[in-house]
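Read through the structure below, which is laid out as structure tokens, and then see the notes.
The values are calculated or read from the model by the stated rules, or taken from the named source; none is laboratory data. Keep in mind the model is a prediction, meaning the values are calculated, not measured. All Cβ positions, even for glycine, are placed from backbone atoms using ideal geometry, and neighbour counts span all protein chains on display. These accessible areas exclude ligands, DNA and RNA; they are computed on the full protein's heavy atoms, side chains included. Shrake-Rupley method; radii C 1.70, N 1.55, O 1.52, S 1.80 Å.
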Amino acid sequence: MKHTIPQEEYMERGHMACLGCGGAHAMRYLLKGLGEKTIIALPACCWAVIPGVYPYSCMDIPLQYVAFEVTGAAISGIEAALKAKGKKDGTTVVGWAGDGGTADIGIQALSGAVERGHDVKYVCYDNEAYMNTGIQRSSATPRGAWTTTTPVGSTKAWKQTPKKNIVEIMVAHEIPYTCTASVAYPEDIIRKAVKMKEIEGPCYMQILAPCPTGWKYPPEKTIEIARLATETCIFPIYEVTDGKYKINKRIRDDKKKNIIDYFRTQGRFRKLDETTIQQIQSSVDAEWELLKKKEKCFGEEI
Amino acid sequence: MSDEHEIKITCYDDLQPAPVTMGKSLVFKTGSWRTMKPKIDLEKCKKCGFCWKFCPDMSIYEVDEYPVIDYDYCKGCGICANECPFDAITMLEEDLE
């Protein structure tokens, strides 16, 4: 069998993730890149449930469960303690949170941690709502999506505001490395994880992890939908190293798919009307053009 | 409570790192969740490894270069069948007998 990603597994079978969970993929690929000398701090999120019931765990590495809003503070503390004990050498401290724990509840701790310049890696697996507590809207939910707190029904009360761009917020902190990734491209996640491990200083990674339960699609479509998100440019894959932008998955203009192809695969966008879809399409196009301009202006000189 | 479950800690140095003290999640046979069962047609298989790469439950392993499914843990999500470029995997209804 051909192996395009490392064969070592740091996660065991028998975990409690739903069928086709994108979060399980994301953790599997990240750990393949980071290796066994990793400590992970977890706030309340789907991954607080997935490792299993005490005293069983699916992970081959240490996990620290923390309160919802303190992931950034917790990883800063773990890193400082390791340094004080003289055991930091080669150990990667990772904060692993969902999009709610990153964009809403955990943002001030995250902002503080990266501003202080701790050698920590923060990874957000983005399933675009509070999936663990029952699909409530978060600020990382895209415009037009159904959630239990933005019920569509006859009132058409889907989420009205656009998705919060956390990646750009992290770029504005002027940290050494910020990137987005998607479970559809495991080789890309592993390359970025290895890069984060080598960089001394705070790094941020956002992985798109589709959720069959919350996005209302059959579980076998997880990878397909994640790939469509990149091909329609609603979730572009790029990295920012020391302020230099680089698009990793370049979508040619003639290959770029219409946003409706992505929306049709998911039940949460089922009742969107034509006008809203057109508005979302134009904002996605504008963001993609802006990203290409940023790469041209702030990219590496060719 | 039997003696084997009793935890005896005299000082904090006795605490072992989590992977040592904790049991493995292998005790949870998540294969019982399954309603659809994947089946690999080895004649169509070209050994590309996509099913192994995209399995969220790590339940595809390798025997003689060919993929084999671990039905004790496979939850039957069907990602392998959907991602297989050669349609070598089909999803069949779970045989309840």
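All conditions in (1) more than 23 Å from A:Glu79 (Cα to Cα); (2) free of Cβ contacts under 8 Å to residues at least 60 places away in the same chain; (3) not acidic (Asp, Glu) hold for A:Lys195, with the sole exception of (1). Note on region A:52-73: residues that are at pLDDT 90 or above and buried (at least 23 other Cβ atoms within 10 Å of the Cβ) amount to 3.
I need the full set of residues from region A:180-225 which are outside any loop (DSSP other than H, G, I, E, B), aliphatic (A, V, I, L, M) and at the interface with chain B (Cβ under 10 Å from one of its Cβ atoms), in order please. Correct list: A:Ile223 only. Is it true that A:Phe235 is touching a residue at least 12 places away in the same chain (Cβ under 8 Å), open to solvent by less than 30 Å² (accessible area, probe 1.4 Å) and within 16 Å of the chain's Cα centre (by Cα)? So A:Phe235 fits the description; yes.
For (1) facing chain B (nearest Cβ under 9 Å); (2) over 19 Å from the mean Cα position of the chain (by Cα), each residue gets a yes or a no:
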{"position": "A:Ile5", "(1), (2)": "yes, yes"}
{"position": "A:Glu12", "(1), (2)": "yes, yes"}
{"position": "A:His15", "(1), (2)": "yes, yes"}
{"position": "A:His25", "(1), (2)": "yes, no"}
{"position": "A:Ile39", "(1), (2)": "no, no"}
{"position": "A:Cys46", "(1), (2)": "no, no"}
{"position": "A:Pro51", "(1), (2)": "yes, no"}
{"position": "A:Tyr54", "(1), (2)": "yes, yes"}
{"position": "A:Met59", "(1), (2)": "yes, yes"}
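Can you name every residue in region B:48-97 that is within 19 Å of A:Tyr10 (Cβ to Cβ), charged (D, E, K, R) and part of a loop (DSSP other than H, G, I, E, B)? Scanning region B:48-97 gives B:Asp57, B:Asp70.
For region A:238-252, give me each residue that is of a type in the set (Ser, Thr, Tyr) and crowded, with 18+ Cβ neighbours inside 10 Å. Full working, then the answer.
Going through region A:238-252, the residues of a type in the set (Ser, Thr, Tyr) turn out to be A:238, A:241, A:245.
Selection gives A:Tyr238, A:Tyr245.
Scanning region A:261-278 for residues that are open to solvent by 40 Å² or more (accessible area, probe 1.4 Å), touching a residue at least 12 places away in the same chain (Cβ under 8 Å) and outside any loop (DSSP other than H, G, I, E, B) gives a single hit, A:Asp261.
Considering only region B:66-97, how many residues are of a type in the set (D, E, K, R), in contact (Cβ under 8 Å) with a residue 40 or more places away in the chain and either within 12 Å of another protein chain (Cβ to nearest Cβ) or buried (at least 21 other Cβ atoms within 10 Å of the Cβ) (or both)?
Taking region B:66-97 and keeping what is of a type in the set (D, E, K, R), we get B:70, B:72, B:75, B:83, B:87, B:93-95, B:97.
Restricting the remaining residues to those that are in contact (Cβ under 8 Å) with a residue 40 or more places away in the chain gives B:72, B:75, B:87, B:93-95.
Okay, now just the ones that are also either within 12 Å of another protein chain (Cβ to nearest Cβ) or buried (at least 21 other Cβ atoms within 10 Å of the Cβ) (or both), so B:72, B:75.
So the count comes out to 2.
Can you say whether A:Lys255 is open to solvent by 10 Å² or more (accessible area, probe 1.4 Å) and either outside any helix (DSSP H, G or I) or within 14 Å of another protein chain (Cβ to nearest Cβ) (or both), as far as the supplied structure shows? Against the criterion (open to solvent by 10 Å² or more (accessible area, probe 1.4 Å) and either outside any helix (DSSP H, G or I) or within 14 Å of another protein chain (Cβ to nearest Cβ) (or both)), A:Lys255 qualifies. All conditions in (1) without any contact (Cβ under 8 Å) to a residue 24 or more places away in the chain; (2) of a type outside the set (Ser, Thr, Tyr); (3) over 15 Å from A:Tyr122 (Cβ atoms) hold for A:Pro210, with the sole exception of (1).
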